[in-house]
Structures are given as structure tokens and as C-alpha cells.
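The values are calculated or read from the model by the stated rules, or taken from the named source; none is laboratory data. This one's a predicted model, so the numbers in the text were calculated from it and none came from an experiment. Here the Cβ is made from the backbone with ideal geometry for all residues, glycine too, and neighbour counts use every protein chain on show. Note: accessible area is taken over every heavy atom of the protein model, side chains too, but ligands, DNA and RNA are not part of it. Shrake-Rupley method; radii C 1.70, N 1.55, O 1.52, S 1.80 Å.
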Amino acid sequence: MSAMMQPQIILLKEGTDTSQGKAQLVSNINACNAVADVVRTTLGPRGMDKLIHDDKGSVTISNDGATIMKLLDIVHPAAKILVDIAKSQDSEVGDGTTTVVLLAGEFLKEAKPFIEDGVHPQNLIRSYRIASNLALEKVKELAVSIEGKSLEEKKSLLAKCAATTLSSKLIGGEKEFFASMVVDAVIAIGHEDRLNMIGIKKVPGGNMRDSFLVNGVAFKKTFSYAGFEQQPKKFLNPKILLLNIELELKSEKENAEIRLSDPSQYQSIVDAEWNIIYDKLDKCVQSGAKVVLSRLAIGDLATQYFADRDIFCAGRVTEEDLHRVAAATGGTVQTSVNNVIDEVLGTCELFEERQVGNERFNIFSGCPSGLTATIVLRGGADQFIEEAERSLHDAIMIVRRAMKNSTVVAGGGAIDMEISRYLRQHARTIAGKSQLFINSYAKALEVIPRQLCDNAGFDATDVLNKLRQKHALQSGEGANYGVDINTGGIADSFANFVWEPAVVKINAINAATEAACLILSVDETVKNPKSESAQGEAAASAMGGRGRGGAGFRGRGRGMRRR
């Protein structure tokens, strides 16, 4: 009786939402599957695109898993983990973002019936970790190295990797054209790690094939003053001076006070101002430079002064472009025009100003250090060019990875099927429950080829059965067979040059398994009511301050006096 009378102990603040045990784990799994279902249809060469319309009214059309995940604005705490792994895959390897989310979602989906049947999550996690290690070993074993090949062979191999990445993007129709462009750009920057050394400039108009690669730097013509048209627009082997100063007439600072006893002294002050600017311009000319670029404004006086002496100048060049010009031409950005020596001047074989679409571009080509390249993208709609830029970013990352970790594996779901077969075989040798769990992990890996078929409109069951039969051959000849997107059957992915760097798969399997294990290991979610009300208040005060005139009334037109 006394046990019945004990008061209930209230530990957490009133209104705290706690959900525990099996039910909330299943709800977390369902949330993650809902997220995976969003990006599911974007996988592969026949994947569909998503149109995302945000609160600011900007429209993004994208096929890139990471971009979609970022723009979805997911609030569910467990599902956010999937957004994080997509981001990490994007920054680490560049491609395979959809794959990661799909795999993580599928691992959880396969775990769900076990959880519902009362299996302890830790058993699942242990088996998944073992399976993931086995899978990674298998990937490394199946990977083929492209080291030690001549430059031409390496170029074509890298272009194949880039083409595989681009085939699932909006610009897949022109993948060969862009793949070779990307490979040239990456080889141009050599072992330079900074990605911003490859500039991508977007010019609406024309078609995709009008895009071109500049082995050097290209940027849009900057704002120019009178006298600009008299300047020569083409130089061979010019010297290039890079500045970070204004070449304009400077008036005194505001509120500067000068007391004159004689009006004639005023003229000397005006002359001093003019002498300062002429002195600067003179030093620029004496340096022997034929192209002067500055991050700050170059005024009309300076523009005309340079035009008279056959020198090209451009002011207000963006910092990024200026640094790329410095890296390419071997020059150094100067903050003063005093003592400009030859060592700080850059040079290139050809400088010209060229019309691209409606824009004029300043193009530096044939740069000596050659550590930079610029891709000028053309296309119809703005959204299209934006998506093309994202696709090229993925391809550039993939080519860089393939150059560094020079091993590739067969794409098109071939590697996934092979690992799946290997794990099923391995599971048979294990006694105990983990045989079932490793089997379910193996089944989850088949989601990639299945989804490739679904997205292309093929019969997934039929194709998967053919693939399983091929991969089960004892001779091992079927190891590279994947989905053939063009015919709806199966084909040797390796022979068809559907390749991807091994690092993409390794990273994807690693990240997806980690995420799945993390979500499985959560057994209680506690929602603190304080933080919710605090957020609510913050949002309300922001709204109040912005739209409602701060008080309770809406003042339209004239401000109403407060009583």
C-alpha cells in the first residue's frame, strides 16, 4: 500500500517532451527515410531534378544531393545528421552526396524490422561496423590504379571519371566536352590545392558549347571612366602591375582647415594635390608596365593619362581575381607605387579584351607560372548556368581526387553489387544473430543499382536478378557488371568507362554507416520547453520590430502617435 502512495518524482521542467525507447527510435528512422526519399529520384544519369523555391523567392534547380539537402531546411534533429553527412561528402570528395544519403537511409530501413522485433540496437551497430570494415577492404581490393601512365593516357582516364560524374547532371548531354575542359583546368593548376585557382565565370546567352577554358585568368571588364576606349586592348608579352591603391584626385579630409593669408597660396595647395596624383601615375609608367590593375578605383584623370601613353588600366578588380592574376603572372600586389622593381611585375604571353556574349572580358593567357585556369560558362537561363557551375565543381573535385588517390572502381552499381555478394557470402560463415544483420547490410547496398533502374524507368527486380546471377559466377568475371542505363540490361561498367574514384565509395560507405550507427544508438529524445519558448520570443520580437511597428497596431502610411 505504501508503495502506491509514494509521490511521483518530477525531474524535468513541466512541458518537457521526452520520448523514449523503441517507438522514438522507429520514428527517427522514419524521419531519415523521409529525407532519403526526397533525394532518391536524383540518383544517376536518368535522375530527375528538384526545383526548390525559398522564402526569398529565389529558385534553384538542382540535381546535386548536398545542394538539395542544404536548401531543404530540415528541422528534425535526427534527420539533420543526413544533411551533415551530405555536406561532409561534398567538401571531402565533391561527388556521391546522393549516394551517401540513400545508403544511410537504406541501412536504417533494413534495421527497422529488427528493432521492432526487440533486437538491441548495440548488436546491430556492432554488426554494421564489422560489415562496413569488410566492405571497405573489398573496395580497396577491387580498385584499379591509374598510376604510372603517360600524361595522355592519364588525361583520358581522368576524363572518363569526370564524364561519369557529369552524366547524372543537367549538362550530361555535353559530358565529353566538359569532361576534357575540367581535366585541362585541373592539370593546369598542377598540385596547387586551392580550388579558387580555378575560376568559373558565368555569361548568359549562347549555348553550352560556346563555353571555353582560358589557361590563365579571365574576368569581366570593370567599371571604366572616359578615356578607356582610347586604350589599346591587346598586348603581346606585356608587363603587368598589380596595385591596391586608388589612382584618383584626393581632396583633403572632411573638416580639414587650412588658413591662408594670401589667395595665391591657395593655388599651391591645389597644385600639390595634382602633383601627388601625377607623381603616382608617372611612377606607374616608368615601371615599364603595359597593363595596370588595381583593386580600388582608377579615376578618369588616370584613365586618360594611361590612354595617352598606350597603357591599359582597370580599377575595382575583385580581390579574388587580382590574386589569381598575381598567381598566374608571377606578379605581386603592391600597396605603394614607390620603388616598383621588375621582380614585382607579372607577365603573360597575350593580354586581350574580348567580347563574350553581351559582356567584355579581360583575358590573360599563356601565363608563365600557369597555376590558374578560368572556365567561362555560357547557357540559356540563369538557373541553368548556376546548375552547370555546381556540376563542374563536382567534376573538378572528382578529377583532383582521382589525381591524388589514383585508384578507380567500376560505377553503375557494379561495386555495390560486388560488395553485397561478398558480404552475403561472408555472413554464411558467421554463427549467431549477426549473420542476419550483415545480410541486411548487404541487402541495403543493393539500393544503388535498384534506384538507378527505377530512375531510368526499367524493371528493377529483373535487372537486379541478372546482376546477382552475374556477380555470383565463381570465375569472378562478373565483378564489374553494373546497370546499363542505355539498354535497360546489364553491362561491364569498367569496359564502358563508367568509373569513379575509389575514395568516393570509401567515403560514402564510411559516412553512411557512421550516420546509421549514430541514429541507432539514440534511445531517448528530450525537448527542452525553455529553448522553444526562447526561440518563439526571439522570432516574435523580430517580427514585432520589423513588420508591426513595434507596438500592437499596424501603422499604415503615416506613423500614428502613441498615446
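Yes or no: the range 347-358 includes at least one residue that is among the aromatic types (Phe, Trp, Tyr), part of a strand (DSSP E or B) and in contact with a Pro (Cβ under 6 Å, 6 or more places away or on another chain). Within the range 347-358, one or more residues are among the aromatic types (Phe, Trp, Tyr), part of a strand (DSSP E or B) and in contact with a Pro (Cβ under 6 Å, 6 or more places away or on another chain).
Residues in the range 390-420 that are touching an Asp or Glu at 6+ places or on another chain (Cβ under 6 Å), part of a helix (DSSP H, G or I) and either of a type in the set (Gly, Ala, Ser) or farther than 24 Å from residue 170 by Cα (or both): 420 alone. Here 416, 394 are screened, and the one residue that is within 19 Å of residue 163 (Cβ to Cβ), of a type in the set (Asp, Glu) and buried (at least 22 other Cβ atoms within 10 Å of the Cβ) is 394. Do we have any residue at all in the range 260-277 that's at pLDDT below 85 and touching a Cys at 6+ places or on another chain (Cβ under 7 Å)? No; the residues of the range 260-277 include none that is at pLDDT below 85 and touching a Cys at 6+ places or on another chain (Cβ under 7 Å). Of all residues in the range 127-162, those being of a type in the set (Gly, Ala, Ser), at pLDDT 75 or above and open to solvent by 20 Å² or more (accessible area, probe 1.4 Å) number 4. Here residue 292 meets each of (1) open to solvent by 80 Å² or more (accessible area, probe 1.4 Å); (2) not in a helix (DSSP H, G or I) with one exception, condition (1). One residue stands out in the range 442-459 among those that are open to solvent by less than 60 Å² (accessible area, probe 1.4 Å) and part of a loop (DSSP other than H, G, I, E, B): the one that is nearest to residue 419 (Cα to Cα), namely 446.
If the condition is being crowded, with 19+ Cβ neighbours inside 10 Å and over 28 Å from residue 500 (Cα atoms), then the range 96-114 contributes 111, 114. The residue that is farthest from residue 345 (Cα to Cα), counting only those in the range 295-322 that are among the charged types (D, E, K, R) and out of contact with any strand residue (DSSP E or B) (no Cβ under 8 Å at 6 or more places or on another chain), is 300. Considered as a group, the residues in the range 70-95 that are within 12 Å of the chain's Cα centre (by Cα) and more than 20 Å from residue 60 (Cβ to Cβ) include one that is surrounded by the fewest Cβ atoms within 10 Å (Cβ to Cβ), and that residue is 92. Looking only at residues in the range 370-387 that are farther than 17 Å from residue 186 by Cβ and open to solvent by less than 10 Å² (accessible area, probe 1.4 Å), the one that is modelled with the highest pLDDT is 385. Beta carbons closer than 6 Å, at least 6 apart along the sequence or on distinct chains, pair a first residue in the range 103-116 that is of a type in the set (Gly, Ala, Ser) with a second that is open to solvent by 10 Å² or more (accessible area, probe 1.4 Å) for 105/33.
Selection within the range 421-441: residues that are in a helix (DSSP H, G or I) and free of Cβ contacts under 8 Å to residues at least 60 places away in the same chain. The member of this set that is nearest to residue 140 (Cα to Cα) is 421.
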